[in-house]
Amino acid sequence: MNREHNWTKITAVANIPPQEGRSVTVGEVELAIFNLHDRFVTIENRCPHKGGPLCDGIVSGTSVVCPLHGWRFDLDSGAAVRASLPACVTVFPTRVEEGIILVDPSAGRRITSEEAAA
């Protein structure tokens, strides 16, 4: 299915340093946007374990570690990495246009528990 995105301008790329995340709320969705040096990725900002702010986590490669209890999430798929229970967070389409980060908060995708366990 090919659909048009509803891109929302978020911020200038310079406002998110490499290997860091920032929180932004768009409508009723709280997002965490991360700078992975060569691209930006966006996930929901709350860890499903205890609600920790993922934007404050440590970024390592293409994953982030929740600052509260150490759960790690893949920033591309949203799947928990090496968690005892299958868990995931929603990922959102993200792009950069003329130095501005854009996100489509209406097109988030969360993989299923079966996909996360595979």
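Table for the structure above
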{"item": "Local electrostatic count at T62 - Lys and Arg +1, Asp and Glu -1, tallied over other residues with Cβ under 9 Å", "result": "-2"}
{"item": "Net charge, F92 excluded, C-beta distance under 13 Å - Lys, Arg +1, Asp, Glu -1", "result": "-1"}
{"item": "Stretchable slack from T62 to N15, in nm (0.36 nm times residue separation minus alpha-carbon distance)", "result": "15.0 nm"}
{"item": "Within region 17-100: Cβ-based charge dipole about Cα centre, in debye rounded to nearest 20 (Lys, Arg +1; Asp, Glu -1)", "result": "340"}
{"item": "Net charge, P105 excluded, C-beta distance under 11 Å - Lys, Arg +1, Asp, Glu -1", "result": "-4"}
{"item": "Nitroxide proxy distance, nm - points 7 Å out along Cα→Cβ at E98 and R82", "result": "4.4"}
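Only the coordinates and a few stated rules stand behind these numbers; no lab work does. The structure presented is a predicted model; accordingly, all values stated were derived computationally and were not measured. Glycine also receives a Cβ, built like all others from the backbone with ideal geometry; neighbour counts cover every protein chain displayed.
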